[in-house]
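The values are calculated or read from the model by the stated rules, or taken from the named source; none is laboratory data. Quick caveat, the model's predicted, so the values are computed rather than measured. Cβ coordinates were reconstructed from backbone atoms using ideal geometry, including for glycine residues, and neighbour counts include every protein chain displayed.
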Amino acid sequence: MDKLTRRNIRYICFRLQTEALGGVKAKKEEEGIMQFVDEVKEHMESQDDFGGWDKFGKTWDVDDNSPLVAVKRISSIQTQWNKILTEEAKELPAEEEKKFLTNKLSEKVQERKKEAETKTAVPEEEHKKEEEPKKFLESDLKIKVQERKGQSKKVSFWDKLK
């Protein structure tokens, strides 16, 4: 048991805490650090500063220099961690505004936006003029589709329904 490090002893204590809180039982194993689980449990429970397994890491912990000694904690592990974070963590810089590269693609995008804005400002009569060629193309396309249907000998399911 003297070969156990502080980390090993804390691991065993956390396993015993989990057991005390209704979790998985900390079973003794034949090899590894868990072979000392019964000895660590008995040793810690015999000390004056032991406050129960459910309070491990909150009101008591193992000593830094001699890990087989239970000592009272001034603050919980979570409080201590939050304190360390506030002392050590640096504030991230604010994200700077990104600048767009000027290239041919971005210029085209800007031109299209301007064209779209000007189209909304154009009177309705001019819109009608622009739509006329579209109507011609659509009707021409429909005629071509009907011609191809006439060339095909197959009749589709949908055509039979008509």
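General observations
- Any hit, region 104-114, residues being at pLDDT below 85 and assigned to a loop (DSSP other than H, G, I, E, B): no
- Residues in region 15-40 that are within 33 Å of the chain's Cα centre (by Cα), surrounded by fewer than 16 Cβ atoms within 10 Å (Cβ to Cβ) and in a loop (DSSP other than H, G, I, E, B): 5 in all.
- Residue within region 41-49 that is in contact with a helix residue (DSSP H, G or I) (Cβ under 6 Å, 6 or more places away or on another chain), assigned to a loop (DSSP other than H, G, I, E, B) and at pLDDT 85 or above present: no
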